[in-house]
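**Student:** Following this message is one structure expressed as structure tokens.
Laboratory data are not the source of any read-out in this text; all were calculated from the coordinates shown. Computed from a prediction, not measured in an experiment: that's the story for all the values here. Here the Cβ positions follow ideal geometry from the backbone for every residue, glycine too, while neighbour counts run over all protein chains shown.
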2 protein chains.
Amino acid sequence: MVAQQEAPQTQGALVIIGGAEDREGDCVVLREFVRRAGGVKAHIAVLTAATSMPREVGDDYIRVFERIGAEDVRVVDTEHPDDADRQEAVETIEQATGIFFTGGDQSRIIELVKGSRVDQAIRKRRAAGAVIGGTSAGAAMMPDTMIVEGDSTTNPRVDAVELGTGMGFLPGIAVDQHFSQRGRLGRLISALVQQPAILGIGIDENTAVIVEGDLFQVVGQGSVTVVDESETTHNNLAGLLKDEGLAICGVRLHILPHGYSFNFKTRQPLIPQIPTLSMAD
Amino acid sequence: MVAQQEAPQTQGALVIIGGAEDREGDCVVLREFVRRAGGVKAHIAVLTAATSMPREVGDDYIRVFERIGAEDVRVVDTEHPDDADRQEAVETIEQATGIFFTGGDQSRIIELVKGSRVDQAIRKRRAAGAVIGGTSAGAAMMPDTMIVEGDSTTNPRVDAVELGTGMGFLPGIAVDQHFSQRGRLGRLISALVQQPAILGIGIDENTAVIVEGDLFQVVGQGSVTVVDESETTHNNLAGLLKDEGLAICGVRLHILPHGYSFNFKTRQPLIPQIPTLSMAD
């Protein structure tokens, strides 16, 4: 399957990966990114802003994307504050059909890239159909409300999570990554209590959501946990001290493995065409 | 507050502790057990069946229960298969107002105690009002459907959890312990998919649910996560291979900290008399 290199008219997909994706074996998740970026005709730009080891991490992704079969893979390094305004970096983005953010620290992406000329070029390319991918920190930065950091394996508490501004590629959502592997339900629920209207998406390692239009599809080895707090009641936050437990009643949870889809607008999962069994039967 | 030593007419409470309860400081959780067992007039029997170190663990609980102020604390050791049929053990139970199961391996409790004369004596004492407490393995064994073992920090899968028969003090429930601390949502959800009618209760460390009649109340530092899968749909289990992810849509979740209660019959949380805020506001 060879995708067309001409820029399509619709906004490009997002490929949001929960970290620790396979880069040695079948590369199921990264293949989906490259496939949507044009397959063997893909031009990939790898942004290493999040990591403190840009050279090693960049080289690693060059290797895997070339092995999968992308035509051209370049690293856009933004170690220094002005790097993301350099003409060469902008031109690499302008030629990319797929733009990939590595893991590391999501705050570095915001500090080093947000508002830069590279950032502007990314948004233009996305509007023209280029795919934006990211793993771990590169996943966390996708929404407008970003989980900056927080405790794993905790019950929900006001101080369990720190929120900040993300890149805003996927508004109205909070993304958490390494989700099952690090036991992060408590911190994602804590984040949503502070931002009640948004939907929470917890992505497991070696697993991705691929966002196209109002839908996302799950790809990979683990699951995606959708946390919907739109109909919950909780205790009076103003009356809570920061280390006290949050009470949250009526959270709606969907857990979706490979092949399942979810509609952001209706907030409903789409069940694939295999027989399903009602638990009430 | 000194409870009466006369046996009340109603069945005794269950004090189900999620493990790692404080035994050095305020002992909030263990105090509730001793209080319900008669306070300073409590006669406590500590069952060490679950642990492979019965002497050390038994001595530890003797110390803490005596320090809290129980009048009499005795260890019922059942290291050997016949120990739970010994007359001395049965008599200790017959005089107990509180019966406490330590942590360890829940399967050992079933093997060594279930169906014994000590087991019969415990049920008689409970019917007469004695409190039954247990922590960790001593919590897991409370239901009729027991989580024997399973993976922590996993997404829901058919093979994530092994179920067995518990002591059956709390029917219709599955209990998981060390819940937030070990990221056990995936395994509790997996357990409930196999047993759709039952309600899941995930208890954090240093936290307890106190079951009295149709209600439980949360006590302690962490939270209790109630998992209700009664209205979920899931994928066709017969079509799944054991390591493939379960799809589960519409799980209802309540997370309840200290002071909150839950009604097993109505499956509804009871909000304490403090103002609550609807998230839809």
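**Student:** With a 10 Å cut-off between alpha carbons and a GNM built on chain A, which of A:266, A:207, A:232 moves the most?
**Tutor:** A:266
**Student:** Another one. Report, in debye and to the nearest 20, how large the dipole of chain A comes out about its Cα centre when Lys and Arg carry +1 and Asp and Glu carry -1 on their Cβ. Kindly include the intermediate steps, with their values, before the conclusion.
**Tutor:** On the way: 25 positive and 39 negative charges, 122 e Å.
Here the size comes out at about 580 debye.
**Student:** If you don't mind, another one. Using R₀ = 45 Å, calculate the FRET efficiency as 1/(1 + (r/R₀)^6) where r is the Cβ-Cβ separation of residue B:28 and residue A:263; round to 0.05.
**Tutor:** Result of the calculation: an efficiency of 0.50.
**Student:** For segment A:143-151, in order, what is each residue's ³J(HN,Hα) by Karplus, 6.51 cos²θ - 1.76 cosθ + 1.60 with θ = phi - 60°, in whole Hz (x at glycine and Pro)?
**Tutor:** Going residue by residue, I get x, 7, 9, 10, 6, 6, 6, x, 6 Hz, with x marking Gly and Pro.
**Student:** Between A:48, A:215, A:188, whose Cα lies farthest towards the positive end of the dipole of segment A:14-262 when Lys and Arg beta carbons carry +1 and Asp and Glu beta carbons carry -1, centred on the Cα centre?
**Tutor:** Comparing the listed Cα positions along the dipole, A:215 ranks first.
**Student:** In the protein assembly as shown, if every C-alpha pair distance is counted and binned at 20 Å from zero, what percent goes to each bin?
**Tutor:** 21, 45, 25, 8, 0
**Student:** Kindly write out, for segment A:78-85 in residue order, the coupling ³J(HN,Hα) from the Karplus curve 6.51 cos²θ - 1.76 cosθ + 1.60 (θ = phi - 60°), rounded to whole Hz, with x marking Gly and Pro.
**Tutor:** 3J(HN,Hα) across segment A:78-85, in whole Hz: 10, 5, 9, x, 8, 4, 7, 10.
**Student:** Taking amide hydrogens as modeled 1.01 Å from N in the peptide plane, which residues meet the under 5 Å criterion relative to residue B:250, leaving out close sequence neighbours?
**Tutor:** A:253, A:254, A:255
**Student:** What nm distance separates the two modelled labels at residue B:88 and residue A:127, each placed 7 Å from Cα along Cα→Cβ?
**Tutor:** 8.5 nm
**Student:** Further, regarding this structure: Every other copy gets compared here: list the nm distances from the residue A:60 label point (7 Å along Cα to Cβ) to its counterparts, shortest first, one decimal.
**Tutor:** Those separations, rounded to one decimal, come out as 3.9 nm.
**Student:** Between copies, how far apart are the residue B:41 label points? List them in nm, one decimal, shortest first, with each point 7 Å from Cα toward Cβ, please?
**Tutor:** 8.8
**Student:** Step through the residues of segment A:29-42 one at a time and calculate ³J(HN,Hα) from phi using the Karplus curve (6.51 cos²θ - 1.76 cosθ + 1.60, θ = phi - 60°), rounding each to whole Hz and writing x for Gly and Pro.
**Tutor:** Per residue, the Karplus-derived 3J(HN,Hα) values read 6, 5, 4, 5, 4, 5, 4, 6, 7, x, x, 5, 9, 5 Hz.
**Student:** Under 12 Å from a point 7 Å along the Cα-to-Cβ line of residue B:52: which residues of segment B:89-133 have their amide N that close?
**Tutor:** B:104-105
**Student:** Under 5 Å between amide H atoms, partner at least 5 residues away or on a different chain: which partners does residue A:73 have, H built in plane at 1.01 Å?
**Tutor:** Here the answer is A:44, since their amide H atoms fall under 5 Å of that of residue A:73.
**Student:** Here's another thing I want to ask about it. Counting only trypsin sites (Lys or Arg not before Pro) that sit in a DSSP loop (anything but H, G, I, E, B) with at most 15 other Cβ atoms within 10 Å, what is the longest stretch of chain B containing none of them?
**Tutor:** Longest stretch, sites excluded: B:1-241.
**Student:** What are the distances, in nm and sorted shortest first, from the label point of residue A:149 to the label points of the same position in each other copy, with each label point placed 7 Å from Cα along the Cα-to-Cβ direction?
**Tutor:** So the distances to the same position in the other copies read 3.6 nm.
**Student:** In addition: From Cα coordinates alone, what are the radius of gyration and Dmax values for segment B:93-207 in angstrom?
**Tutor:** Cα radius of gyration and Dmax of segment B:93-207 are 14.2, 45 Å respectively.
**Student:** Over all directions, how big on average is the projection of the convex hull of the alpha-carbon atoms in segment A:14-262, in square nanometres?
**Tutor:** So the Cα hull casts an average projection of 12.5 nm².
**Student:** Please list the non-local residues whose amide H lies under 5 Å from the amide H of residue B:101, H modeled 1.01 Å from N, same-chain partners needing a gap of 5 or more.
**Tutor:** The list, which skips near neighbours in sequence, is B:47, B:133, B:134, B:135.
**Student:** Based on the Cβ-Cβ distance of residue A:158 and residue B:80, what FRET efficiency does E = 1/(1 + (r/R0)^6) give at R0 = 41 Å, to the nearest 0.05?
**Tutor:** Numbers: r = 50 Å, r/R0 = 1.23.
After rounding to 0.05, the efficiency reads 0.25.
**Student:** Per-residue ellipticity at 222 nm for chain B, helices alone: DSSP H runs ≥ 4 residues times -39500 (n - 2.57), over residue total, nearest 500 deg cm²/dmol? Let's see the in-between values first.
**Tutor:** On the way: 7 runs with 66 residues, N = 281.
Computed ellipticity for chain B at 222 nm equals -6500 deg cm²/dmol.
**Student:** May I pose another question? Over the protein assembly as shown, what is the percentage of antiparallel beta bridges among all DSSP beta bridges, to the nearest 5?
**Tutor:** Taking every DSSP beta bridge within the protein assembly as shown, about 65 percent pair in antiparallel fashion.
**Student:** Based on the Cβ-Cβ distance from residue A:117 to residue B:243, what FRET efficiency comes out when R0 is 41 Å, to the nearest 0.05?
**Tutor:** The value I calculate is 0.35.
**Student:** Looking at the axis that maps chain B onto chain A, which chain B residue has the closest Cβ, and how far off is it in Å, rounded to a whole number?
**Tutor:** B:183, 1
**Student:** A further question on this structure: Specify the inter-centroid distance of segment A:94-118 and segment B:214-236, based on alpha-carbon positions, in whole Å.
**Tutor:** Centre-to-centre distance over Cα atoms comes out at 40 Å.
**Student:** Count the net charge of all other residues whose Cβ sits under 12 Å from the Cβ of residue A:218, scoring Lys and Arg as +1 and Asp and Glu as -1. Intermediate values should be presented prior to the final figure.
**Tutor:** Numbers: positive: none; negative: A:32, A:204.
Local charge sum for residue A:218: -2.
**Student:** Could you list B:146, A:53 so that the one with the fewest beta carbons within 10 Å of its beta carbon is first and the one with the most is last?
**Tutor:** A:53, B:146
**Student:** Let me ask something additional. Using only the alpha carbons of segment A:161-253, what is the convex hull's orientation-averaged projected area in square nanometres?
**Tutor:** In nm², the orientation-averaged hull projection of segment A:161-253 is 6.5.
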